[in-house]
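**Q** Take a look at the following structure, please.
Values in this text are rule-based calculations from the coordinates and carry no lab data. All values derive from a computational prediction rather than experimental measurement. As a convention, Cβ positions derive from the backbone with ideal geometry for all residues, glycine included, and neighbour counts pool all protein chains shown.
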Amino acid sequence: MKQCKVDARGRSCPEPVLMTKKALQDNPEGLEVLVDNLTAKENVTRFAKNSGYNVEVSQNGSNYILSINK
């Protein structure tokens, strides 16, 4: 399975959440989201968990990588 990646760096909320929501509609098995601020990380994580997904967060420098899977 090739994982979809969403690059939401440089975007302010609610845009990262909306980008994640749209990508999950096209890739319901899961995806990876890249954000560069704490607020976006928390909001995307909350959205994904409320939508029934598991979220793993890792950090790469100033970027957060959110692995979202069923």
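**Q** Using only helices, what value at 222 nm comes out for the chain when you add -39,500 (n - 2.57) per DSSP H run of length 4 or more and divide by the total residues, to the nearest 500 deg cm²/dmol?
**A** It comes out at -11000 deg cm²/dmol, rounded to the nearest 500.
**Q** Report, to the nearest 10°, how far helix 38-50 tilts away from the longest principal axis of the Cα atoms in the chain, using its own Cα long axis and a range of 0 to 90°.
**A** Relative to the chain, helix 38-50 is tipped by roughly 20 degrees.
**Q** Ok, one more. Only four residue types carry charge here, +1 at the Cβ of Lys and Arg and -1 at the Cβ of Asp and Glu. Report the dipole size of the chain about the Cα centre in Debye, rounded to the nearest 20.
**A** That gives a dipole near 100 debye.
**Q** Any idea what angle helix 15-26 forms with the longest principal axis of the chain, computed on alpha-carbon atoms, 0 to 90 degrees, nearest 10?
**A** Helix 15-26 sits at roughly 20 degrees to that axis.
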